[in-house]
Amino acid sequence: MIISIRQFQAQRMQAPRDFSPIENTPICVEIGAGKGKHALLFSGQHPEKKLYAIERTKEKFLAMQKQQTLEPRHHLFPIHADALPWMVHALYPQQVAQFFILYPNPEPHNPAQRWLNMPFFEFLLSRLKPEGTITLASNIPDYIDEAQHQLEQLWHLPYLKQRIASDSARTHFEIKYLERGELCQQLIITKPEHYQTRFDEFMPLQGQNDAK
Ligand SMILES: C[S@@+](CC[C@H](N)C(=O)[O-])C[C@H]1O[C@@H](n2cnc3c(N)ncnc32)[C@H](O)[C@@H]1O
């Protein structure tokens, strides 16, 4: 697999403050989980799956944590961190069965910060299992079009494109956009069996991630 993008500098990422390593068992990961509506829904529907739900905004993270105390979920792990350093330090190669990125910030003035435009996306792919999936949802047709272009031209990954039903209510943003009558769409991206990245052997320096 030839990936023509600047290589993400994973070795430069410091572990987040108060970082705790996790075990190398199969997991799902939600990036930018907000107040955790989808995380709680998903963990309720799939009690056998472990879900790490990462949110960097403190108030939203606290709201997710509070909701979890009201609706206990034994396999949901809310994480207060920036997803990039946390994923670099916590995740093992080919560990993740499903990633969810639901209604990410559109970054109108900073296209380089959109998930599929970032060199970091290659690192994310290295942590995904073969045949694992990434669900990327957005209410912005141009965001979805650009992501499709990147999947075809840069990442060489297969995907399905779906329109989200008007009565879907997985996240707070989804509810808001559908109520406004906006078109919400998602891409279900699959990692093929023999897909390779430049991070397939990468683990952070010893001592920074000791859970083996
Ligand atoms: C537009 S909101 C969507 C929240 C939720 N997924 C929903 O649909 O209601 C995007 C969220 O992603 C979070 N976020 C953005 N970049 C992040 C990062 N690098 N790490 C963790 N969270 C991030 C933001 O704090 C924000 O809560």
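The values are calculated or read from the model by the stated rules, or taken from the named source; none is laboratory data. Every value quoted in this text rests on a predicted model; they were computed, and no experiment measured them. Cβ atoms come from the backbone with ideal geometry, glycine included; neighbour counts cover every protein chain shown. Surface accessibility is based on the protein's heavy atoms, side chains included, excluding ligands, DNA and RNA. Shrake-Rupley method; radii C 1.70, N 1.55, O 1.52, S 1.80 Å.
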Site GLU23, offset 7 angstrom along Cα→Cβ, radius 17 Å on amide nitrogen, limited to region 65-88, gives 74-78
Rounded to the nearest 0.05, FRET efficiency between GLN94 and ALA169 (Cβ-Cβ, R0 35 Å) equals 0.60
Most fluctuating of LEU41, LEU116, LEU136 in the GNM of the chain (C-alpha, under 10 Å) is LEU41
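Are there any helices in the chain, counted as whole DSSP H runs, that stretch 20 Å or more along their axis by Cα and score at least 0.5 on average by Kyte-Doolittle, and if so which? Display every interim value, and only then the final one.
On the way: long enough: none.
TM-like helix candidates: nothing returned.
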Within the chain, the percent of DSSP beta bridges that are antiparallel, given to the nearest 5, stands at 35 percent
Here the FRET efficiency for HIS194 versus ALA112, based on Cβ atoms and R0 = 30 Å and rounded to 0.05, is 0.55
Which of ILE134, ILE22, ILE31 fluctuates most in a GNM of the chain (C-alpha springs under 10 Å)? That residue is ILE22
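How much length, in nm to one decimal, is gained on full extension between LEU62 and LYS161, taken as 0.36 nm per residue of separation minus their Cα-Cα distance?
Details: separation 99, 0.36 × 99 = 35.64 nm, distance 3.26 nm.
Extra length available between LEU62 and LYS161 comes to 32.4 nm.
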For the chain, the accessible surface attributable to carbon and sulfur atoms (probe 1.4 angstrom, ligands and nucleic acids excluded) amounts in percent to 50 percent
Between MET203 and ARG6, the two model label points (7 Å from Cα along the beta-carbon direction) sit apart by a distance in nm of 3.0 nm
Rounded to whole Å², per residue accessible area for region 1-158 with a 1.4 Å probe reads 48 Å²
By the C-alpha gyration tensor axes a ≥ b ≥ c (rounded if a/c is under 1.5, else prolate when a/b exceeds b/c, else oblate), the shape of the chain is oblate
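Arrange the peptides 192-200, 77-85 so that the one whose residues have, on average, the most other Cβ atoms within 10 Å appears first. Provide the component values of the computation, followed by the final result.
On the way: 192-200: 13.9, 77-85: 19.7.
Most protected by this proxy first, the peptides run 77-85, 192-200.
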Within the set MET87, MET64, MET13, GNM on the chain using Cα springs under 10 Å gives the largest fluctuation to MET13
